[in-house]
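Notes follow once the structure below has been shown.
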């Protein structure tokens, strides 16, 4: 007979065992650390690389392009994440509908054999990159380069880098996200550590956020098994074991195994300069309103800059997170004279989210039979609550669906706009403003060259070659990353006061922004060769342009009797400038993968990583519809309204109907009369073709052009995983500007 003492002892052993197993689980004991992965050891064939070069020369000679024949256009992606990034690993989990981890080896293989890029950069978030992961990242980039063949004529150049990911809670403290790209890869020519934007660790072992997340990961394990979740917990645990660097020491005095921090761009530039190695810092996602406070503008960053052209000479104008190019005069919110932030009223082409919140509550209130004046007061209170809740205002309206918000917060007439658009942080706004704070100095200004890239989080640089597999080739699955939706009955008033300001911690409307992810863009360089030095030189002189993903060939020059000055240049003139544009459409794609990929890459990896589809050009180019010219006249005084300075488009130049090439010229007859600096760039626009998420929320409009119903493209159900949410869009290329300063 078993006595009570034996039963108690047995139960105690069981309880201790369960507690021990749980503790080992939540501290990552059963998890595996991500490795580098195995890189396919074969480069692309010299013949396949040469064929592309010859095709360019044919198009170039056909149009009489002014770029010398020895220069060629190379395509790359300077913004790629692997699952060494926290958000990327999150996306890889089965709970999110992910397909598993994608280490740095996958990024190398995809760039080379799936996308057939000429160059790329790895840019995992510095916030949390451990010393082990940084070493693996360097090793992966070196291996990827070692496979490329002759360094003077490689099949592909791989650059090392990271992303400096800063988010401020107010416009005054927000600087945004910037990619750091390094020229070299040797240990003695790169920083010993990636430089983070955070002054604390993330995730931090003491942060109460990490423990519920670890438990949630374990609870979320289903039929697919627990191992991916154990691996993610080990991933979190590895970060929690980091230590912060001593902020009072020189970068050269710090150990390699601490996390270095630069909370502002000025401090980031200072640390990079202290290292003394060649680098580029490239802002991106500047109008992406998911994390950017509504009133954010470029003004404070320009004010803080000591040398904007040296520290930030390039900007990412298009990515898989949308377009950041275009300026609009409407505002989501504004400041009253007393400094209080308030909701802006709607315009004919823009509906602020805060205003829509008031409309929802007012309609519910009226449906309840309340008096119109009471409902109007509730709408006003709702708008005020929404503003106070930062980016989480939708949580203050109980019982809303994604559809209830219509297309509020979005730029309705922008090309594939970033989610919840922030117009004062657009590229056009930045090019139009000047800093007049030092009366004794020449006013500072941005002179960016324009690039595109992907900003993908599945280790797939250069996904824009085909529009397919939305959930794999774009970041659309990020819509599943938000906290669980608490189902509540609709109420005719805002509940912000009941939830207090803790609502702000719940975060933005994740479900909505799945409709704004595309496959991403590319950066093109006019390079005097395929080597690392040649590509870097083209980036430095800003002889670069952006595309929305198609490999459009573009030449844009300032021409005179003596020479042709390429895009990205700054010149001084007293006579009217004359410009020449030459464009050839991207090659239409054939299904499947080319023979070179089929012979070099394992069949299972072609299917799992490339999705069975690769860059596979035919010999037919797409039709170029038109050339649009944008002219910006930078401010001559601090109070000069920016909307009066941006002409978009300033000129629209038609191309021959049905033609895949286009050659046009134009002049600015007003330049000598204006007697002021001017900025010119062009957009080369192809005929419309089916594109992932091109219609964003897929509005249904009334007779007045107002959105009355939306059909969002969700991360998961009710949008089918086989629905790529295709809609017509005009793929395009953006030249870097030519900066013509008045020299009369």
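Enumerate the residues in the stretch 9-52 having an amide nitrogen under 17 Å from the point lying 7 Å beyond the Cα of residue 226 toward its Cβ.
Counting only backbone N, you get 14-33.
Let a ≥ b ≥ c be the square roots of the eigenvalues of the Cα gyration tensor of the stretch 53-146; is it rounded (a/c under 1.5), or, if not, prolate (a/b larger than b/c) or oblate?
Cα axes put the stretch 53-146 in the prolate bin.
Please state the shape class of the stretch 368-482: rounded when a/c is under 1.5, otherwise prolate if a/b exceeds b/c and oblate if not, all from the C-alpha gyration tensor.
oblate
If each of residue 560 and residue 150 carries a label point 7 Å out from its Cα toward its Cβ, how far apart are those two points in nm?
3.8 nm
Run the quick spin-label model on residue 304 and residue 340: label points 7 Å from Cα toward the beta carbon, then report their separation in nm to one decimal.
2.9 nm
Residues in the stretch 304-336, backbone N under 16 Å from the label point at residue 170 (7 Å along the Cα-to-beta-carbon vector): list them, ranges by number please.
334-336
Between residue 373 and residue 264, what is 0.36 nm times their sequence separation minus the Cα-Cα distance? Round to one decimal in nm.
That works out to 34.6 nm of additional length.
Given contacts defined as C-alpha pairs under 8 Å and at least six residues apart, what's the relative contact order of the chain, whole-number percent?
Reported relative contact order: 15 percent.
Per the helix-only calculation at 222 nm, which mean residue ellipticity applies to the chain, given -39500 (n - 2.57) for every DSSP H run of n ≥ 4 and division by its residues, nearest 500 deg cm²/dmol?
Only helices count here, giving -7500 deg cm²/dmol.
Extension gain residue 401-residue 48, at 0.36 nm per residue separation less the Cα-Cα distance, in nm?
This chain segment gains 122.1 nm when fully extended.
If all Cα-Cα distances of the stretch 444-486 are sorted into 5 Å bins from 0 onward, what percent lands in each bin, rounded to whole numbers?
Taking every Cα pair in the stretch 444-486, the percentages come to 5, 18, 21, 15, 12, 11, 10, 6, 3, 1.
Based on alpha-carbon centroids, what's the gap between the stretch 608-635 and the stretch 541-582 in Å, whole number please?
Taking the Cα centre of each part, the stretch 608-635 and the stretch 541-582 sit 18 Å apart.
Given the Cα-Cα distance of residue 640 and residue 199 and 0.36 nm per residue of separation, how much length would full extension add, in nm?
My answer for the length gained is 155.0 nm.
Using a basic spin-label model with each label point 7 Å from the Cα along Cα→Cβ, how many nm lie between residue 669 and residue 608?
Placing both labels 7 Å along Cα→Cβ, they lie 6.4 nm apart.
Could you order peptides 161-170, 257-266, 8-17 by the average number of other Cβ atoms within 10 Å of their residues, highest first?
Packing order, densest peptide first, comes out as 161-170, 257-266, 8-17.
When the distances between all Cα atoms of the stretch 550-632 are binned every 5 Å from zero, what whole-number percent does each bin get?
The percentages, shortest bin first, are 3, 11, 16, 14, 11, 10, 9, 9, 8, 5, 3, 1, 0.
Using Cβ counts within 10 Å as a stand-in for footprinting exposure, how do 157, 181 rank, fewest first?
Ordered by Cβ neighbours within 10 Å, fewest first: 181, 157.
What is the order of 334, 615, fewest Cβ neighbours within 10 Å to most?
With the sparsest Cβ surroundings first, the list reads 334, 615.
Be a star and scan the stretch 652-693 for residues whose amide nitrogen sits under 15 Å from the point 7 Å along the Cα-to-Cβ vector of residue 576.
665-676
Distance from the Cα centre of the stretch 77-126 to that of the stretch 655-705, in angstrom?
32 Å
What is the order of 553, 242, fewest Cβ neighbours within 10 Å to most?
In increasing order of surrounding Cβ atoms, one gets 242, 553.
Compare the peptides 296-309, 680-693 by average per-residue count of other Cβ atoms within 10 angstrom and give them in order, highest first.
680-693, 296-309
Mind pulling up the Rg/Rh value for the stretch 6-104? Radius of gyration and Kirkwood radius, both on Cα.
In the stretch 6-104, Rg relative to Rh is 1.38.
Just the ratio, please: alpha-carbon radius of gyration of the stretch 285-420 over 2.2 N^0.38 Å, N its number of residues.
So the stretch 285-420 has a normalised radius of gyration of 1.22.
Given a cut-off of under 8 Å on Cα pairs at least six residues apart, what relative contact order in percent is computed for the stretch 22-100?
For the stretch 22-100, the relative contact order is 13 percent.
Rounded, prolate or oblate for the stretch 214-340? Axes are the square roots of the Cα gyration tensor eigenvalues, ordered a ≥ b ≥ c, and the cut-off for rounded is a/c under 1.5.
Oblate is the answer for the stretch 214-340, as a/c is 1.5 or above yet b/c matches or exceeds a/b.
Which whole-number percentage describes the relative contact order of the stretch 384-438, with Cα contacts under 8 Å and a sequence gap of 6 or more?
15 percent
A short reminder: the numbers here are calculations on the coordinates, not readings from a lab. Please read these numbers as outputs of a predicted model, since none were measured by experiment. So basically every Cβ, Gly included, is an ideal-geometry build from the backbone, and we count neighbours across all protein chains shown.
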